[in-house]
Amino acid sequence: EKPRIVDDEEGGVLFYTASASSSSGYGFASLEKQRQRLPVYKYRTAILYLVETHATTIVVGETGSGKTTQIPQYLKEAGWAEGGRLIACTQPRRLAVQAVASRVAEEMGVKLGEEVGYTIRFEDVTNNDLTRVKFLTDGVLLREMMDDPLLSKYSVIMVDEAHERSLSTDILLGLLKKIQRRRPELRLIISSATIEAKAMAAFFSTRRHRGPDDIPKKEPAILSVEGRGFNVQIFYVEAPVPDYLRAVVLTVLSIHDKEPMGDILVFLTGQDDIDAAVQLLTEEAQSSRNQGLIVLPLYSGLPRADQDLIFSPTPRGKRKVVMSTNIAETSLTLEGVVYVIDSGFSKQRFYNPITDIENLIVAPVSKASARQRTGRAGRIRPGKCYRLYTEEYFIKEMPADGIPEIQRSNLVSCVIQLKALGIDNILGFDWPASPSPEALIRALEVLYSLGVLDDDAKLTSPAGFQVAEIPLDPMISKMILASIEFGCSEEVITIAAVLSIQSVWFPGRGAQKEMDEAKLRFAAAEGDHVTFLNVYKGFLESGKSSNWCHKNFVNYHAMRKVAEIRLQLRRIAQRLGIVLKSCEGDMQAVRKAITAGFFANACRLEPFSHNGLYKTIRSSQEVYIHPSSVLFRLVQITHYIIVLVHEQLRGTM
Ligand code: ADP
Ligand code: MG
């Protein structure tokens, strides 16, 4: 008989069985003490020695051991940032870049943006004269290579979170390997939370290439930081859960009821289900029995003030519940977590080169991810992890590892960047993991049809170079370029700015109907893009008022961001010689510019389709209008009106 750990008194909905243990952790103290207590501290001399003597050093260590926040500081202390040089540390996620940079600035006792700074797309918090340690996304570092192909201002580049195998990380690794042959003095640190160090070392091994002899030690060094985690007891549900949001809420309440104090970290998939779970739980937390719960969301795009709440210590007598995407899996470490609830899912990108459709879908995580999530519970004392799937599922069905993003992405942006860096033989590029030839060919096809590549698959001049210069999806960049011809660059730049943020609408708030009505106030029959223009116009006319946003279900922070991105895009456009001009309400012009960028996505409404079925022109793929689109409602209304007209005609005849 296995022990039953959690049972809900009212209905007995969730039953957990206990299982084997895993580990990962330590306590609170002054900043300096905290630094010295991190597992990586013992390896300080070793790390510095290896970096001195090896071109590439691979550091593997458990999440929270101090790799990201400490190693750049050690390098700085050892003099790697002297003589005007910089130390770079890349992250796949923007939110992680911001959070880690502000932590390091705090530990060093400096103002963020001076000695320690960060850069993410459309946000540069660095100072040309002062910044010595710079955190940035891997994507931004790739962009910097367009102006400085050898990244000559950096003495050490630390590619962090390499285990995530994000698309930009993989491209970056391929390119850094090339740079290394031209810049023997450059040092690379590849850091990762899991042990695939051997494969990474093999990739960076120079034995396969004949390089100049003055490169320091040719074979990469591997250093493994031993963590000091506490045991984490794992529980599985006895039967699959039909509704994981409900299961999350039940489990949180049950922990809160029965377990000693300690924060709870919940892994969900994205903003939608996180907001829904936060709302469900906040309602429950208002009842007297569940006092003391502080429920917080954590996902990219979260406003700064909300990010700070996540990291601030939990008040005495309270219990923090953080509902997170997989950003808290390895990128960010939250102190105080003792309980982890793992939904077993995350949002992942999947691309099908045959249909040329890229989807963000909710998919099961890998065993490697599940173990990482579990480890987050063992930081300060022995913890507990509740897996919302069965043990049998974990053992028999969960895939061992994830698939590198490069093998499940649309490669249009990737190919144009490599082309812009003068890498013409894309198929022969030395990738850490090879993308599928079909996906590469699709990308070349799209770029050719956009007029970005010529018959020899070289960037066209000037269009190709201009598109590559704009830090947006090539289709959007092309739309901006096309707007010159139609005299609507101001409008199109607004649309491009809105397409760079997650959503202009404020999520749900439990008032779906009111929100739909608010949307309809701005809705344009031309579709979402023109609707965005209406929203932005309303925002400007309100004097950028947060009150106005609130009333109209518009996300205020997102709109501020749009205004900021817009300014930067205008600056880039001016640099590229694009004339800024408004078409003064001529939506025909705007639609033409959009079509010039997005014609490859065109689809046709199927005749006699009653449920709004479209087929793409390129591959006859069946598609529907997404429920979040204003057209979803407008089309319904149009259908309704057509039916009414028919009825009326019949009546008069
Ligand atoms: P690793 O990169 O090995 O996962 P980090 O360097 O990110 O480890 O974390 C080391 C320590 O710094 C952890 O204890 C973590 O909680 C703390 N830390 C990191 N970022 C912040 C932050 N923004 N606020 C408070 N503590 C932080
Ligand atoms: Mg880290």
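Listed values, structure above:
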{"item": "Selection from region 445-456 of residues that are within 30 Å of the chain's Cα centre (by Cα) and either surrounded by fewer than 18 Cβ atoms within 10 Å (Cβ to Cβ) or closer than 13 Å to ILE426 by Cβ (or both)", "result": "GLU445, LEU447, TYR448, SER449, GLY451, LEU453"}
{"item": "Subset tally (residues that are at pLDDT below 85 and within 16 Å of ligand 1 (Cβ to nearest atom)) for region 197-225", "result": "1"}
{"item": "Wholly enclosed helices (runs of 4 or more DSSP H) of region 464-572 bearing at least 2 residues closer than 19 Å to HIS626 by Cβ, of a type outside the set (Phe, Trp, Tyr) and modelled with pLDDT under 90", "result": "512-522"}
{"item": "Failed criterion for MET323 (all others in (1) under 16 Å from VAL252 (Cα atoms); (2) within 16 Å of ligand 2 (Cβ to nearest atom) hold)", "result": "(2)"}
{"item": "Odd one out for ARG442 among (1) out of contact with any Gly (no Cβ under 8 Å at 6 or more places or on another chain); (2) of a type in the set (Lys, Arg); (3) modelled with pLDDT of 95 or more", "result": "(3)"}
{"item": "Failed item, numbered, when ILE234 is tested on (1) in contact with a Cys (Cβ under 7 Å, 6 or more places away or on another chain); (2) assigned to a loop (DSSP other than H, G, I, E, B)", "result": "(2)"}
{"item": "Residue ID - nearest to ligand 2 (Cβ to nearest atom), chosen from residues in region 66-92 that are among the polar types (S, T, N, Q) and within 15 Å of ILE190 (Cα to Cα)", "result": "THR68"}
{"item": "Residue that is nearest to ligand 1 (Cβ to nearest atom), among those in region 305-315 that are farther than 18 Å from VAL104 by Cα and modelled with pLDDT of 90 or more", "result": "THR314"}
{"item": "Conditions (1) within 22 Å of THR63 (Cβ to Cβ); (2) in a helix (DSSP H, G or I); (3) touching a helix residue (DSSP H, G or I) at 6+ places or on another chain (Cβ under 9 Å); (4) not aromatic (Phe, Trp, Tyr); number of the one not met by ARG289", "result": "(1)"}
{"item": "Filter result for GLY487 (buried (at least 16 other Cβ atoms within 10 Å of the Cβ) and over 28 Å from the mean Cα position of the chain (by Cα))", "result": "yes"}
{"item": "Region 112-129, subset in a loop (DSSP other than H, G, I, E, B), in contact with a strand residue (DSSP E or B) (Cβ under 8 Å, 6 or more places away or on another chain) and at pLDDT 95 or above, residue surrounded by the most Cβ atoms within 10 Å (Cβ to Cβ)", "result": "THR126"}
{"item": "Matching residues in region 130-150 - criterion: being acidic (Asp, Glu), buried (at least 23 other Cβ atoms within 10 Å of the Cβ) and closer than 20 Å to GLY84 by Cβ", "result": "none"}
{"item": "Members of region 93-124 found to be among the basic types (Lys, Arg) and more than 14 Å from ligand 2 (Cβ to nearest atom), listed by number", "result": "ARG94, LYS111, ARG121"}
{"item": "Filter result for the condition that a residue is within 16 Å of ligand 1 (Cβ to nearest atom) and either out of contact with any Leu (no Cβ under 6 Å at 6 or more places or on another chain) or among the β-branched types (Val, Ile, Thr) (or both), over VAL337, VAL412", "result": "VAL337"}
{"item": "Qualifying residue in region 586-603 (condition: outside any helix (DSSP H, G or I) and in contact (Cβ under 8 Å) with a residue 60 or more places away in the chain)", "result": "yes"}
{"item": "Filter result for ARG4 (under 30 Å from ASP342 (Cα atoms), out of contact with any His (no Cβ under 8 Å at 6 or more places or on another chain) and modelled with pLDDT of 75 or more)", "result": "no"}
{"item": "Residue identified as more than 16 Å from ligand 2 (Cβ to nearest atom), crowded, with 23+ Cβ neighbours inside 10 Å and aliphatic (A, V, I, L, M) among ILE189, ILE171", "result": "ILE171"}
{"item": "In region 85-95, the residues that are outside any strand (DSSP E or B) and either crowded, with 24+ Cβ neighbours inside 10 Å or of a type outside the set (A, V, I, L, M) (or both)", "result": "ARG85, PRO92, ARG93, ARG94"}
{"item": "Subset of region 316-326 (residues that are within 16 Å of ligand 1 (Cβ to nearest atom) and among the charged types (D, E, K, R))", "result": "LYS320"}
{"item": "Which numbered condition ASP263 fails, given (1) surrounded by fewer than 20 Cβ atoms within 10 Å (Cβ to Cβ); (2) at pLDDT 95 or above", "result": "(1)"}
{"item": "Residue among GLN91, GLN70 that alone is within 10 Å of ligand 1 (Cβ to nearest atom) and in contact with a Ser or Thr (Cβ under 8 Å, 6 or more places away or on another chain)", "result": "GLN91"}
{"item": "Filter result (under 29 Å from GLN512 (Cβ atoms), of a type in the set (S, T, N, Q) and touching a helix residue (DSSP H, G or I) at 6+ places or on another chain (Cβ under 6 Å)) within region 552-605", "result": "ASN552"}
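The values are calculated or read from the model by the stated rules, or taken from the named source; none is laboratory data. The shown structure was predicted, so the numbers you read here are calculated from the model rather than taken from an experiment. For neighbour counting, all protein chains shown are included, and Cβ atoms are generated from backbone atoms with ideal geometry for every residue, glycine included.
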